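These notes are about the structure you will find just below.
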Amino acid sequence: MNASAALARTRIVVIGGTSGFGRRIASRGLAAGAAVTVVGRDRCKLDRVTAELSAQFGTEVRGAALDATLTDELTGFLGDLGTVDHLVSMVGGAMAGGFLSATSELIRATIEDKFYANLSIARAAAPHLRDGGSMVFTAGAGGRPHEAAGALVGNHAISMLVQGLAIELAPRVRANAVAPAWTPTGLWRDTPADDLERTRQDMARSIPLGRTADPDEVAQAYIFLMECGFITGQTIAVDGGVSLVG
């Protein structure tokens, strides 16, 4: 099966698909002929995004307003939805501060939001994935322990999570992750425009390719991991080479 047809007539669930990378993944999945369900917490935003995607692609895009980190909510939703082929999770955030400068509460919450939330998602989703399907999680690239302590611990934990899941779920289901570098997305919607632009320029200077990513470039990696049936347990860095430099 060629890559362009690999997702046709499959069912994809994108958790956190109302903005940023998630929305681009949903769009690419729809363009490939998949049936896409978008999961988000904000009902108004979810309804707007699914209506826009439905109009753009001429097909119904389902939406589910729920907190996917709550196991009972996610399990009930997946039970109603039925078997799915691929599940993508954008769950997890960023933080600033090192092991001494950030509060213990912030570090703990960041790790829980990144690792434990996705562990719960994996455990809830695994029984609902069709043979040959996959889960793709979101880690992160860039940053240093003294400036993003909890986020880095969470990112490395995601990589370990997919390695473990890959063996536990094999050969029926694959598990992988994407690790993007800093990218201007909806995650930074509350940052003033001038500050956001300064951050983008600072980040671009630290990246060997001399720029930050377009969200669509990052979305391509998630689609690739869904399409390629011989990759499991891997974390792909989409970071312009920033992880290669000090």
Return the pairs, sorted by first residue and then second, in which the second residue is in a loop (DSSP other than H, G, I, E, B), the first residue lies in region 233-245 and is of a type in the set (Ser, Thr, Tyr), the beta carbons are less than 8 Å apart, and the residues are 6+ apart or on different chains. THR235/ALA139; SER243/ALA141; SER243/GLY142; SER243/ALA181
Note: among GLY133, GLY150, GLY210, GLY140, just one is over 30 Å from ALA5 (Cβ atoms) and touching a strand residue (DSSP E or B) at 6+ places or on another chain (Cβ under 6 Å), namely GLY140
The one condition in (1) in a helix (DSSP H, G or I); (2) buried (at least 17 other Cβ atoms within 10 Å of the Cβ); (3) not acidic (Asp, Glu) that TYR116 fails to fulfil: (2)
Scan of region 152-171 for residues that are more than 19 Å from ALA237 (Cα to Cα) and surrounded by fewer than 19 Cβ atoms within 10 Å (Cβ to Cβ), ordered by number: ILE167, GLU168, ALA170, PRO171
Can you go through ARG28, ARG43, ARG23 and tell me which one is basic (Lys, Arg) and either free of Cβ contacts under 8 Å to residues at least 24 places away in the same chain or farther than 25 Å from ASP214 by Cβ (or both)? ARG43
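Among the residues of region 1-20, which ones are within 19 Å of LEU129 (Cα to Cα), without any contact (Cβ under 8 Å) to a residue 40 or more places away in the chain and small (Gly, Ala, Ser)?
Answer for region 1-20, where residues must be within 19 Å of LEU129 (Cα to Cα), without any contact (Cβ under 8 Å) to a residue 40 or more places away in the chain and small (Gly, Ala, Ser): just ALA8.
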Quick one: which of THR59, THR75 is over 21 Å from ALA8 (Cβ atoms), surrounded by fewer than 22 Cβ atoms within 10 Å (Cβ to Cβ) and among the β-branched types (Val, Ile, Thr)? THR75
Out of curiosity, is LEU53 surrounded by 21 or more Cβ atoms within 10 Å (Cβ to Cβ), modelled with pLDDT under 95 and assigned to a helix (DSSP H, G or I)? no
Quick check on ALA175: is it in a strand (DSSP E or B), touching a residue at least 40 places away in the same chain (Cβ under 8 Å), under 18 Å from ALA139 (Cα atoms) and within 21 Å of the chain's Cα centre (by Cα)? yes
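What tally of residues in region 19-50 results from selecting those that are assigned to a helix (DSSP H, G or I) and not acidic (Asp, Glu)?
As a first pass, look at region 19-50 and keep what is assigned to a helix (DSSP H, G or I): 20-31, 43-50.
Next, only the ones that are not acidic (Asp, Glu) stay: 20-31, 43-46, 48-50.
Here the count works out to 19.
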Would it be correct to say that GLY132 is surrounded by fewer than 21 Cβ atoms within 10 Å (Cβ to Cβ), modelled with pLDDT of 95 or more and in a strand (DSSP E or B)? yes
Across region 80-113, what is the number of residues that are part of a helix (DSSP H, G or I) and at positive phi? 0
Output the qualifying pairs, or none if there are none: Cβ atoms under 6 angstrom, residues six or more apart or on different chains, first residue in region 78-93 and over 30 Å from HIS156 (Cβ atoms) and hydroxyl-bearing (Ser, Thr, Tyr), second residue assigned to a strand (DSSP E or B) and at pLDDT 95 or above. THR83/ARG130
Does region 101-111 contain any residue that is closer than 25 Å to PRO184 by Cβ, touching a Ser or Thr at 6+ places or on another chain (Cβ under 9 Å), surrounded by 15 or more Cβ atoms within 10 Å (Cβ to Cβ) and modelled with pLDDT under 95? no
Scan region 142-157 residue by residue and report those that are part of a helix (DSSP H, G or I) and touching a Ser or Thr at 6+ places or on another chain (Cβ under 7 Å). GLY150, ALA151, GLY154
Would you confirm whether any residue within region 196-206 is surrounded by fewer than 16 Cβ atoms within 10 Å (Cβ to Cβ), over 21 Å from the mean Cα position of the chain (by Cα) and in a loop (DSSP other than H, G, I, E, B)? no
With the structure loaded, tell me whether THR191 is surrounded by fewer than 22 Cβ atoms within 10 Å (Cβ to Cβ) and either in a loop (DSSP other than H, G, I, E, B) or out of contact with any helix residue (DSSP H, G or I) (no Cβ under 7 Å at 6 or more places or on another chain) (or both) or whether it fails that test. yes
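The values are calculated or read from the model by the stated rules, or taken from the named source; none is laboratory data. The structure displayed is predicted, hence computed values, not measured ones. Glycine gets a Cβ as well: all are built from the backbone with ideal geometry, and neighbour counts include every protein chain shown.
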